[in-house]
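K.L.:
Below you'll find the structure I mean.
The values are calculated or read from the model by the stated rules, or taken from the named source; none is laboratory data. Only a predicted model underlies this, so the values are computations on that prediction, with no experimental measurement involved. Heads up, the Cβs are rebuilt from the backbone with ideal geometry, glycines too, and the neighbour counts pull from every protein chain shown.
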């Protein structure tokens, strides 16, 4: 048995692995964006966008980005495989 | 007719509908533990979406969210920040959990971990941690329901009676219908809350300031510190970035592992349903935006409200609104409290019986007895939480502060379960205990604080190190057994 951890199932092909890796990096990026040291650069009340302070608007933007990314991943998976098969995630 | 009677009538009508939905829905479940706890693993997207949505729309969000925006300003954005990625881990590990659940018949979180590590003791420890984290939350939801009744009837219904009425309804449908009662009432309650959140969130700034934009313009003028992230801390001083960021981090670590949500993974009909729930979860979060508008709307219009959590009911009852609207608000706030409280109640009873009583004390418990025990415990735990909510002088606030720190301790365990074959039972247990201990010690000693970092973060670090060191020092587990759980 492998003693070292494996994050992605060996059953994934190269394209799948690349897409999942990109997704994980993206979501880590979203997390980093809403905490120190990135968020402080966008933490002021000015300017106001759609009437909402930048500090508030910024967080909303990342919720929406997260949603869009998840939706794209979900649709991509659906087009790729039979919906009942779940081999495209971390399923081993 | 006095306004409060009309308001009460609307609220009671809402409770009656909730009860009806809760009772009718349970008739479709099989009379087994799997039916009662995991809905026969047949829940569809709509119900799962609203069950998870209710996780955000608790009494905390409905009363505490506006309270935070009102008194601490931008600090309230942290709820949105952790939600942005909070459920994302599910997308990657939940399919595996669901599959293992089907294969081995799990309905709770600890069943999976205890099986992976072949340790009933681990199950017992997890049950204790879960119950310690659940009880203060449940108590808080009950208090919230009591206050809502109290405020809208202008004090005529005391808090204890309000909590008893709302949670009497919850007890009946959870006892009767199990997870399906929780799911379908949450769906009804969730739609209700969404409509109400947007309605009030747009209407109140419009009525009080002439719009959302003008409202923030005026706040920026009069109280700019509220709009500058990370806002203010509990005492009104600017909050530190260390405190804000580590609060977001600890919430992200723990959010997807709260045992009562985790066990909903088993209820999903299939993998696509599960993933779709994760995908659409952020849309639920957007409904928190108008909730925060409501809190900000009170800043200049109603200064000095104490406690800050009362800002929403205060605004609602201070401006002239038709009884129907106030009644709907009241029902919405109850929905927020009940939709979280019911899941907590249902999970507490299931965890206490399955993960503690059955796993540690009575492995040969027959299914029918088990289901009966769980239902009884729903009543017992409901009664206990009610006692703490209205009768006890003992404050559970301290436990509440600890609960997120505790739940985050499940993160290293989960990672080890799925990704590290070398992790051993001794390592898992020692990690949990070390993490819990460090969290408590750091909480008790403000002198150990550094940069305001959340005590749970130190706990997770200690947990991780202990888990690795102890695992490497103990004998590896049987390979064939571990291979069933670990990604390979």
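K.L.:
Do you know which residues across the range B:213-270 are touching a residue at least 40 places away in the same chain (Cβ under 8 Å), within 21 Å of the chain's Cα centre (by Cα) and facing chain A (nearest Cβ under 8 Å)?
P.N.:
Those that are touching a residue at least 40 places away in the same chain (Cβ under 8 Å), within 21 Å of the chain's Cα centre (by Cα) and facing chain A (nearest Cβ under 8 Å): B:244, B:248, B:249, B:252.
K.L.:
Please count how many residues of the range A:33-59 are on the phi < 0 side of the Ramachandran plot, part of a loop (DSSP other than H, G, I, E, B) and facing chain B (nearest Cβ under 7 Å). Show your work before the answer.
P.N.:
First pass over the range A:33-59, keeping only residues on the phi < 0 side of the Ramachandran plot: A:33-49, A:52-59.
From what's left, part of a loop (DSSP other than H, G, I, E, B): A:34-38, A:43-47.
Restricting the remaining residues to those that are facing chain B (nearest Cβ under 7 Å) gives A:34-36, A:43-45.
Final tally of qualifying residues: 6.
K.L.:
When you check residue B:61 against the structure, is it modelled with pLDDT under 80, closer than 24 Å to residue B:139 by Cα and either touching a strand residue (DSSP E or B) at 6+ places or on another chain (Cβ under 6 Å) or in a helix (DSSP H, G or I) (or both), yes or no? I'd like the intermediate steps shown before the answer.
P.N.:
On the way: modelled with pLDDT under 80: yes; closer than 24 Å to residue B:139 by Cα: yes; either touching a strand residue (DSSP E or B) at 6+ places or on another chain (Cβ under 6 Å) or in a helix (DSSP H, G or I) (or both): yes.
For residue B:61, the condition - modelled with pLDDT under 80, closer than 24 Å to residue B:139 by Cα and either touching a strand residue (DSSP E or B) at 6+ places or on another chain (Cβ under 6 Å) or in a helix (DSSP H, G or I) (or both) - is met.
K.L.:
Let me ask something else. Have a look at B:205, B:224, B:230 and point out the one that is crowded, with 23+ Cβ neighbours inside 10 Å, over 26 Å from residue B:407 (Cα atoms) and at pLDDT 90 or above.
P.N.:
Every option except B:205 fails the conditions.
K.L.:
Give the residue, chosen from B:450, B:458, B:442, that is in a loop (DSSP other than H, G, I, E, B) and either in contact with a helix residue (DSSP H, G or I) (Cβ under 9 Å, 6 or more places away or on another chain) or more than 10 Å from every other protein chain (Cβ to nearest Cβ) (or both). Talk me through it step by step, then tell me what you get.
P.N.:
Working: B:458 fails: in a loop (DSSP other than H, G, I, E, B); B:442 fails: in a loop (DSSP other than H, G, I, E, B).
Only one candidate qualifies: B:450.
K.L.:
Here is a further query. If residue B:155 satisfies every condition in (1) within 30 Å of residue B:312 (Cα to Cα); (2) touching a helix residue (DSSP H, G or I) at 6+ places or on another chain (Cβ under 9 Å) but one, which is the exception?
P.N.:
Exception for residue B:155: condition (2).
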